[in-house]
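Here the structure comes first, spelled out in structure tokens, and everything after it is commentary.
Derivation of every value follows stated rules applied to the coordinates shown; laboratory data play no part. Bear in mind the structure is a predicted one, so any value in this text is a computation, not a measurement. Counting neighbours? That spans all protein chains shown, and the Cβs are built from the backbone with ideal geometry, glycine included.
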């Protein structure tokens, strides 16, 4: 059994079918990219996995535990987080009037009731992620790159085994993109975290970072494979890439 299994996922909003029967799987310690144009369904799938959206049909299993499925009470978002599913959001919304340290401490309380332990763990994560010099700054004072790092740090504070990274590269300059790619690799190599990256347009990231790529279009999976297989896939080229990539 894969680390994450999504089977026959359907998500409807009234008469609109946002996800139309998607199957996907992720193995432990993989870095998998889910790509597709705006509106393809990447964020909706992430929201279903995390329990933010109730699913219409299908089954989602994480590390052997059924998160939601037929005849099964769907787990709540906090229950899914306790199992080890972390999440970042495309539009970062830190607690602006709290410090960087306090923002990360919020995440640590998923696993501790001790203020001392929460502060210690938050300081360790902040240092690791490169925000040490800003730990006492208000979150609203950070640049976009800093807020993206803070978003990842808050997720790491919950001690996830898998993180869903929703457009974590969006808006970053080339140097910041390289730094974020390195950060994702380090999360896998140092902490053993599985990463699933939702990416719209930063194809350089997808090709250099991913062990495997899943392509969505209009709420359906149209392709899956290695980076080389994806860039040579005529269906993907026609629906998404637009032209062959060298």
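Using a Förster distance of 35 Å, how high is the FRET efficiency between residue 97 and residue 204, based on the Cβ-Cβ distance and rounded to 0.05?
Working: r = 36 Å, r/R0 = 1.03.
So the FRET efficiency works out to roughly 0.45.
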Return the FRET efficiency for the residue pair residue 232, residue 182: r is the Cβ-Cβ distance, R0 is 25 Å, and the value is rounded to the nearest 0.05.
0.40
Gain in span if fully extended, residue 1 to residue 28, counting 0.36 nm per residue against the direct Cα distance:
8.7 nm
For 24, 165, what ranking results if the residue with the fewest other Cβ atoms within 10 Å of its Cβ goes first?
24, 165
Residues of the stretch 30-45 with amide N under 19 Å of a point placed 7 Å along Cα→Cβ from residue 218:
35-45
Find the centroid of the Cα atoms in the stretch 100-179 and in the stretch 196-236, then give the distance between the two in whole Å.
27
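Roughly speaking, what is the stretch gain from residue 128 to residue 17, that is 0.36 nm per residue apart minus the C-alpha to C-alpha distance, in nm to one decimal? Walk me through the intermediate numbers first.
Values: separation 111, 0.36 × 111 = 39.96 nm, distance 4.10 nm.
Contour length minus the Cα-Cα distance gives 35.9 nm.
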Could you check what % of the DSSP bridge pairs in the chain are antiparallel, to the nearest 5?
60
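Starting with the fewest neighbours, write out 17, 44 ranked by other beta-carbon atoms found within 10 Å of each beta-carbon. Intermediate results must be reported in sequence, preceding the final value.
On the way: 17 16, 44 21.
Going from sparsest to densest Cβ surroundings: 17, 44.
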Just to be sure I understand, if you calculate log10 I(q)/I(0) by the Debye sum over Cα atoms at q = 0.12, 0.14 Å⁻¹ for this structure, which of [x] -0.82, -1.00; [y] -0.69, -0.93; [z] -0.59, -0.81 do you get?
[y]
Please order 68, 108, 175 by the number of other Cβ within 10 Å, starting at the fewest.
175, 68, 108
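Going by a ≥ b ≥ c, the root eigenvalues of the Cα gyration tensor, does the stretch 1-72 fall in the rounded group (a/c under 1.5), the prolate group (a/b larger than b/c) or the oblate group? Could you put the intermediate results ahead of the total?
Working: a/c = 2.15, a/b = 1.19, b/c = 1.81.
Oblate shape, in that a/c is at least 1.5 and b/c is the bigger or equal ratio.
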